[in-house]
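**Q** Encoded as structure tokens, here's the structure I'll be asking about.
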Amino acid sequence: MISFLLGAAGFVLMTVALALVVILRRPAEVDHMMAAQLLGTGGGAILLLLATATETPPIVDVALLLALFASFAAVAFVRSAPGQESEV
């Protein structure tokens, strides 16, 4: 089971790396934000797979924080977009 989880983590790492290369080659800021979101979710998935395979619970906290920071970055990006009226 451990080898399967490590293989799945490696597969997710390869797909995230390939997707980051494709996304970061685009010039738009939205694409760069999408890359940050992908890094947050993909990195979280990799860390969770590694935490399950190696049975180290502190990695789970790091994975959850990574996903949380990625979502905060997306909210900050949307709120700072031009043309957005602040209602707060």
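The values are calculated or read from the model by the stated rules, or taken from the named source; none is laboratory data. Note that the structure is predicted; figures quoted are calculated from it, not measured. Counting neighbours? That spans all protein chains shown, and the Cβs are built from the backbone with ideal geometry, glycine included.
**Q** Could you list, in sequence order, all residues of the range 17-32 that are part of a helix (DSSP H, G or I) and surrounded by fewer than 18 Cβ atoms within 10 Å (Cβ to Cβ)?
**A** Keep residues of the range 17-32 that are part of a helix (DSSP H, G or I), which gives 17-24, 29-32.
Within the range 17-32, Ala17, Leu18, Ala19, Leu20, Val21, Val22, Leu24, Glu29, Val30, Asp31, His32 meet the criteria.
**Q** What are the pairs with Cβ atoms under 7 angstrom where one residue, in the range 11-33, is over 18 Å from Gly44 (Cβ atoms) and at pLDDT below 90 and the other, located anywhere, is among the small types (Gly, Ala, Ser) and surrounded by 12 or more Cβ atoms within 10 Å (Cβ to Cβ)? Sequence gap at least six, or different chains.
**A** Filtered contacts from the range 11-33: Leu24/Ala35.
**Q** Residues of the range 37-59 being more than 15 Å from Leu5 (Cα to Cα) and not in a helix (DSSP H, G or I), which ones?
**A** If the condition is that a residue be more than 15 Å from Leu5 (Cα to Cα) and not in a helix (DSSP H, G or I), then Pro57 is the only one that fits.
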